[in-house]
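Where a number appears in this text, it was derived from the coordinates with a stated rule and is not lab data. Quick caveat: nothing in here was measured; it's all calculated off a predicted structure. For neighbour counting, all protein chains shown are included, and Cβ atoms are generated from backbone atoms with ideal geometry for every residue, glycine included.
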Amino acid sequence: MPVRSLDSRLDGWLERCAADPELATLSQGLEATLAFQAGAVERRLTLGEAPRLGGGTPVLLIRAEAAAWQQLLSGPYPRGWQSFGAIRRFNPAFEITVESPLTEAQLLAPLERLVEIAVAPPAEPNLPAGFDLSGLESGLKAVGVDARGPAQIRVTTAGSGRPVLFLHTAGADSRQWLYQLGDPALAARYRMVAFDLPGHGGSGLEGEFGGRASAWQATGGRYLAWCKAAIEAFCEAPPIVVGCSAGAAMALTLAAKAPDLVAAAIALEAPFKARGRLTPFLDHARVHAGRHNPAWVRALLAPGSPKPHRDEACGIYQQARPGTYAEDLRYYSEEFDAAELVEALNRNGRPVVLRTGAYDYSASPEDSGRIAEAVPAADFEVMPELGHFPMIENPGAFAPWLAKALEAAEERS
């Protein structure tokens, strides 16, 4: 590509970045220069209250050949090109040098936004047909698992028919499932239930609201105990359990360890063993969790997921209690191992349906495929246009995938 053409593309991208109000918001409190190199061509951008072109000594350098910059700035965006996080981990076309891991963590939100500006996801939302939230019912119910005292659990329900229980991802809450709860095609067939784990979303901690609150703990069987308690409290019959990410891990765990409580498990973005998601910067005094943690998950979204849904998916992480996401990832990234469930899943015979977004690198299609290989009766498909949060990042595109997954679970149960 001619140098002048590359100059023009880099300049146009960085000018859009410097003028972007969202990037300015994410850069509040920073004074950090970034450098971008393609051969002899170099451009700099300084992040701060008012991002500006140029700057002094860079704290982070991104270097690539002209062809790689051409693709990043104009597409296409196969897996490994969709986000800063994906480029950082899987794209050998780019070389990234940074002052320190702490500096990168402090810059993560604006770095993800820079790549998002280049990718330019669709601006319009993509809703399920007839989407309507008027039929939802939501409230609090006291639920407990032991002597620590009950927690006031927020639960939302919709529809009538066979029970379906939705499990949210690590560090999030049941708002992730609002598009499914408001899907009239699902509401006509299923009694849908979504709840927030203790200390997540609208749920209190054990003993909170008049008692002595106990810190949330996801490991050591606590997460399983709470899901079993939720089934007994909110479901009139064994439900089809639909979980995503950590919720997928738990859906499989329920099918393996509590088969009498579930009719089937639909595991979305199911890990085999998801090492590498837990980082000290999720709960670090020198890193803004409300910026870093949403960026940590934004990297997992598909490039075609609409901007309003991307912001919605990540906004849930901006509101989480400090330390909650890290604690959940101790379960997801360190404790959970699908290999330990395989024998029970095959023996118990509960239907297992696996659906994984092609752009997910936390629980990749290859990881979910390992589960399918170990559980021959499992129904496994890759969703080519989706990432790690299909139910909220692109709900219209996900709707037919979920409908088919539910049908597959019903046929086998």
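Computed over the alpha-carbon atoms, region 326-413 gives an Rg to Rh ratio of 0.98, Rh here being the Kirkwood radius from the mean inverse distance. For region 3-119, rounded, prolate or oblate, judged on the Cα gyration tensor with a ≥ b ≥ c (square roots of eigenvalues), a/c < 1.5 rounded, else prolate if a/b > b/c? Because its axes are fairly even, with a/c under 1.5, region 3-119 counts as rounded. If the chain linking VAL382 and PHE209 were pulled fully straight, counting 0.36 nm for each residue of separation and taking away their Cα-Cα distance, it would gain 58.0 nm. Charge tally around ALA302: other residues with Cβ under 13 Å, Lys/Arg +1 each, Asp/Glu -1 each, net -1.
For region 159-189 versus region 224-264, the spacing of their alpha-carbon centroids is 14 Å. Here, the chain has an Rg and a Dmax of 21.9, 70 Å when only alpha carbons are counted. Extension gain for ARG89 to ASP11 (0.36 nm times residue separation, less C-alpha to C-alpha distance): 25.5 nm. Straight-distance candidates among the lysines for linking to LYS257, with alpha-carbon spacing under 20 Å and chain neighbours fewer than 8 residues away dropped: LYS228, LYS273.
For region 79-227, the average shadow cast by the Cα convex hull is 13.1 nm², which is a quarter of the hull's surface.
I need the semi-axes of the equivalent ellipsoid of region 148-242: take the C-alpha gyration tensor, multiply each eigenvalue by 5, square-root it, list largest first in whole angstrom. Each step should come with its number before you reach the end.
Values: eigenvalues 124, 34, 27 Å².
Computed over region 148-242, the values are 25, 13, 12 Å.
For ARG277, nonlocal amide neighbours, meaning residues 5 or more places apart or on other chains whose placed amide H falls under 5 Å from its own, do not occur.
Among ARG189, ARG310, a tally of other beta-carbon atoms within 10 Å of each Cβ gives an order, fewest to most, of ARG189, ARG310. Highest GNM mean-square fluctuation, the chain, Cα pairs closer than 10 Å: which of ALA66, ALA289, ALA158? Between ALA66, ALA289, ALA158, it is ALA66 that shows the largest mean-square fluctuation. Short-range pairs are left out: with C-alpha atoms under 8 Å and at least six residues apart, the relative contact order of the chain is 15 percent.
Each residue of region 156-162 was assigned a 3J(HN,Hα) from its phi angle through the Karplus expression (A = 6.51, B = -1.76, C = 1.60, θ = phi - 60°), giving 10, 10, 7, x, 8, x, 5 Hz with x at Gly and Pro.
Take every DSSP beta bridge whose two residues both sit in the chain, then give the antiparallel share in percent to the nearest 5. Percent antiparallel among DSSP bridges in the chain is about 50. Ranking THR356, ASN293, ALA249 by how far each Cα lies toward the positive end of the dipole of the chain (charges on Cβ) leaves ASN293 at the top. Per-residue ellipticity at 222 nm computed for the chain from its helices equals -11000 deg cm²/dmol, with DSSP H segments shorter than 4 residues left out and the rest contributing -39,500 (n - 2.57).
Would you mind pulling out the separation of the Cα centroids of region 286-342 and region 346-413, in Å? Comparing the Cα centres of region 286-342 and region 346-413, I get a distance of 19 Å.
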